[in-house]
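The values are calculated or read from the model by the stated rules, or taken from the named source; none is laboratory data. Computed from a predicted structure; not experimentally measured. Methodologically, a virtual Cβ is constructed for each residue, glycine included, from the backbone with ideal geometry; neighbour enumeration extends over all protein chains shown.
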Amino acid sequence: MTEHLEKIVTKYNFPKRDVTDSVEIAEIESYSKLKLPKDYIFYLENYHGIDQFIGVEFINLWSLEEIITSNKNYNIVEGLQQTIGIGSNGSGEFIGIKFDQDENVKIILSPFINLNSKHNIEIGTSFTDFLVRLDKGVDWFP
């Protein structure tokens with residue numbers, strides 16, 4: 001899985017993270033009360049957020065330092081159970097990690113306003129799958 005992720009971050013020239021950054025993964029997990037997926041942790045530990053097109057879709061992935069503040073500003077963690085926002089599409093919707101009752105991960109696209117899981121659109125079965133789908137040009141909307 002990491003191989004696919006590394007291929008995409010290299011292809012799209014994701015900015016490498018400086019190892020001296022201060023926010024810790026544990027702070028995000030404590031705030032959200034969620035155990036972040038390993039592929040997403042790898043991304044956070046090694047890369048900064050991005051603001052660019054991958055395939056045909058524009059995405060803004062928040063950097064490690066922005067995650068807690070952004071989730072608080074949009075009330076995502078408090079408004080949706082078992083969900084944490086990780087970015088946006090630049091058009092009024094956030095990209096999030098959603099855990100189901102069995103702790104399975106789904107990457108979702110959902111409106112910032114009217115936080116309700118009925119509006120969630122699944123856009124990946126893992127963080128890596130989400131990026132692979134984007135890279136292959138898979139449309140978010142069925």
Qualifying residue in segment 24-31 (condition: surrounded by 17 or more Cβ atoms within 10 Å (Cβ to Cβ) and either assigned to a strand (DSSP E or B) or modelled with pLDDT of 90 or more (or both)): yes
Residues within segment 53-79 that are in a loop (DSSP other than H, G, I, E, B), in contact with a helix residue (DSSP H, G or I) (Cβ under 6 Å, 6 or more places away or on another chain) and touching a residue at least 40 places away in the same chain (Cβ under 8 Å), tallied: 2
Every residue from segment 32-41 that is touching a helix residue (DSSP H, G or I) at 6+ places or on another chain (Cβ under 7 Å), of a type outside the set (Phe, Trp, Tyr) and surrounded by 14 or more Cβ atoms within 10 Å (Cβ to Cβ): Ser32, Leu36, Pro37, Asp39, Ile41
Conditions (1) in contact with a Ser or Thr (Cβ under 9 Å, 6 or more places away or on another chain); (2) in a loop (DSSP other than H, G, I, E, B); (3) among the hydrophobic types (A, V, I, L, M, F, W, C): number failed by Ile107: (2)
Hits in segment 10-52 - residues which are in contact (Cβ under 8 Å) with a residue 24 or more places away in the chain, under 25 Å from Asn75 (Cβ atoms) and among the polar types (S, T, N, Q): Ser22, Ser32
Verdict on Val105 being closer than 21 Å to Glu6 by Cα, touching a residue at least 60 places away in the same chain (Cβ under 8 Å) and surrounded by fewer than 19 Cβ atoms within 10 Å (Cβ to Cβ): no
